[in-house]
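The structure appears below as structure tokens.
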Amino acid sequence: MKKKCMVSAILIGFSWALLTIPARGQETAGIFEQPLLITSAGQNAEVQIVAVLAKRAGLNYTLSKQATAADLENMKTLVLVLGASLKGLGAAGLDMDKERERVMALITAAQKAQVPLLCLHLGGETRRGPQTDDLIAEVLLLAKMVIVVKSGNGDGFFTKLCQPRNIPLVEVEKTADVQIPLQKAFK
Amino acid sequence: MLRIFYHLIVLYLSFHLLWHLFRQKKPWSQAGAALVLTLFLLRLFLIK
Amino acid sequence: MNRIKAPALSAAFFLFLTGILCYFSGRSFRTMHRSETVFPSVGLTDTHQLSDYFPPLKNTHGDTEVYIFRGMEKGGNLLVLGGTHPNEPAGLMTAVLLIENIRGKRGNVIIVPRANSSGFTHSDPQEGNPQRFEVPTPAGPRLFRLGSRLTNPVDQWPDPAIYINPAGQKLSGNEVRNLNRCYPGRANGFLTERIAFAIMELIRRERVDIGIDLHESAPEYPVINAIVFHENSSELAALALLELQAEGFDIRLEASPVNLRGLSHREWGDHAGIKAILLETPNASHGRLKGKPSSSLIVDGKDKFYAKASRLGWLFVPYGEEGIPLSLRVARHLAALKALLGGLAELEPEKAVEFEGMPLPSEVQKKGVGAFLHPPT
Ligand SMILES: [Zn+2]
């Protein structure tokens, strides 16, 4: 009986310890507030998926493909979907420099208004590349949390950026799996 | 209108080739003419 | 007897050979104009010609069959277009597979298997493509034409140096024969523009709610394994993507560029106001890196050069030694179609389209396309 109690105590202790390891300053639940503004960094199409997932998660969101500082009004969280799509940029009449300008201005405004930043990368391996990576490297450092689809982090690119700065990084297997951490991240 | 014009050109060249075929003495030259004629006839009859 | 000279005799002999040569090659050429028989399922309710929607197309090589499956329950209207580009066989085969299997249940399904029928009557020059590909069925192979991306120049010639399409976009001259650059078409335009116009008429008269244009592209082309969507269908496309990924089909979303005009996924949405989707699957026989083009390359999709290119990281899709067979490409189209209809039912239940009898994508992938086709006659 005593032994059993000991075993349970140890097990509970262990699971508690395991649960708290990622929490070493890396809280991933309930750290953001609604409403949220969703926009892309690179005019990718995945921004639509995030909108659908946010809807399914019952979040109060606004989707704006070319959001500017003005759209941030009353917003409590900024969600950036990372990844450059040449087709998307062309369609919006933008080039990479203009898009970077827009995104950086938006983030600056958000930081000023103390709106935290959540970054997502859903495009996997195909939505990487020098152009995307430069922008990601710039934006990611300012994020409060990052969610990526595993295949996009095959080379550990996101891990390398997030780890030194203690930014919580959540990896999921498939795009649809993003819904759960997304839902949990909000109060 | 244009089509009839194209056809007349091909028809003229086909007759020319036919005449050429019968004027040749060497069988090899005749075979060559016959082969080229094939292409012209196909163009003449199959493409409307 | 000796008045007829030997050269004249041999000339007559060669003329005779010319005749035989003309007969056989002519006969083979003529078969390209006969589209293969499709054996519709018992669920077929109407057959039309595209010219029924736009009479000037009658008696031209732009006219083509339209198969309609009407359901008993009220719902939306779905248009499925195969063969916009006749050198992309998965589009044609998906359309044929649907025609030979489905029964309407809710709403109407309109299928055009050979959207650019003129393109099916010739082959791309200098490609060495086979005239036909062979789809094995349990009762023997069925043959289908491999056509060209463009309208037959015999039906529409010459090309302008620069083509300004009906939507006002400047394109290179030969795009004048590319159906997927000619929307919304011109009633008095080139044949290809008239086909596009007729399809717009069909969309209008049949009150189509959602149009799906089936394509294939080369593995080295960036827009591949993709759903290209008009912005009015963005939520639908996102829902479909999530569903497809859950079923194990890796697929990407691409928004239809607003400034790329004349394409189905742009003009169907802009001019007809319908939800417009274009689907792409990877086809090695279409690409520039392929080895010898053959029926087997189309149907089995094995190509050692593409496998090598994939190892070198040159492609936008993984391409293994096992290839990407027609059955997988058709299965992808079917799965995407199913996912899109699922999404449509979720977003706009009153416009939902349902039908029965469609083979499961996983079954098509496993057993091959031929397992679900009518036996050859
Ligand atoms: Zn195509």
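Every number here is computed from the coordinates shown, using simple stated rules; none is lab data. Just so we're clear, the structure is a prediction, and the values are computed from it rather than from any experiment. Glycine also receives a Cβ, built like all others from the backbone with ideal geometry; neighbour counts cover every protein chain displayed.
Worth pointing out:
- Contact map, segment C:79-103: residues that are β-branched (Val, Ile, Thr) paired with residues that are within 11 Å of the ligand (Cβ to nearest atom) and in a helix (DSSP H, G or I), Cβ distance under 9 Å, separation 6+ or inter-chain. Pairs shown: C:THR84/C:GLY91; C:THR84/C:GLY119; C:THR84/C:LEU179; C:THR84/C:ASN180; C:THR84/C:SER264.
- Of all positions in segment C:240-248, none carries a residue that is away from chain A (no Cβ under 14 Å) and surrounded by 24 or more Cβ atoms within 10 Å (Cβ to Cβ).
- Single match in C:ALA198, C:ALA237 (criterion: away from the ligand (no atom under 16 Å from the Cβ), within 23 Å of A:SER85 (Cβ to Cβ) and either buried (at least 24 other Cβ atoms within 10 Å of the Cβ) or away from chain A (no Cβ under 14 Å) (or both)): C:ALA237
- When segment C:1-40 is limited to residues that are assigned to a loop (DSSP other than H, G, I, E, B) and under 30 Å from B:LYS26 (Cα atoms), the one that is farthest from the other protein chains (Cβ to nearest Cβ) turns out to be C:MET1.
- Annotation: of all residues in segment C:210-225 being buried (at least 23 other Cβ atoms within 10 Å of the Cβ) and either free of Cβ contacts under 8 Å to residues at least 60 places away in the same chain or among the charged types (D, E, K, R) (or both), the one that is farthest from C:GLY301 (Cα to Cα) is C:ASP213.
- Residue under evaluation C:PRO219, criteria (1) more than 16 Å from the ligand (Cβ to nearest atom); (2) under 19 Å from the mean Cα position of the chain (by Cα), criterion not met: (1)
- Per this entry, C:THR94 is counted among residues that are within 16 Å of the ligand (Cβ to nearest atom) and either farther than 21 Å from C:LEU360 by Cβ or surrounded by 19 or more Cβ atoms within 10 Å (Cβ to Cβ) (or both).
- Every test in (1) within 16 Å of the ligand (Cβ to nearest atom); (2) of a type outside the set (Phe, Trp, Tyr); (3) within 11 Å of chain A (Cβ to nearest Cβ); (4) in contact (Cβ under 8 Å) with a residue 60 or more places away in the chain is passed by C:VAL228 save one, and that test is (4).
- Out of C:ARG181, C:ARG205, sole residue that is basic (Lys, Arg), away from the ligand (no atom under 16 Å from the Cβ) and in contact (Cβ under 8 Å) with a residue 40 or more places away in the chain: C:ARG205
- Residues that are touching a strand residue (DSSP E or B) at 6+ places or on another chain (Cβ under 8 Å), within 16 Å of the ligand (Cβ to nearest atom) and not aliphatic (A, V, I, L, M), drawn from segment C:51-91: C:GLY82, C:GLY83, C:THR84, C:HIS85, C:PRO86, C:GLU88, C:PRO89, C:GLY91
- Among residues of segment C:161-175, those that are in contact with a helix residue (DSSP H, G or I) (Cβ under 7 Å, 6 or more places away or on another chain) and either within 16 Å of the ligand (Cβ to nearest atom) or not hydrophobic (A, V, I, L, M, F, W, C) (or both), counted: 5
- B:ARG43 meets all of the listed conditions (1) charged (D, E, K, R); (2) surrounded by 14 or more Cβ atoms within 10 Å (Cβ to Cβ); (3) within 8 Å of chain C (Cβ to nearest Cβ) but one, namely (3).
- Test: residue in segment C:102-124 that is among the hydroxyl-bearing types (Ser, Thr, Tyr), within 16 Å of the ligand (Cβ to nearest atom), surrounded by 23 or more Cβ atoms within 10 Å (Cβ to Cβ) and in a loop (DSSP other than H, G, I, E, B): no
- Filtering C:GLY62, C:GLY43, C:GLY83 for residues that are in contact with a Pro (Cβ under 8 Å, 6 or more places away or on another chain), more than 14 Å from every other protein chain (Cβ to nearest Cβ), assigned to a loop (DSSP other than H, G, I, E, B) and small (Gly, Ala, Ser) leaves a single hit, C:GLY83.
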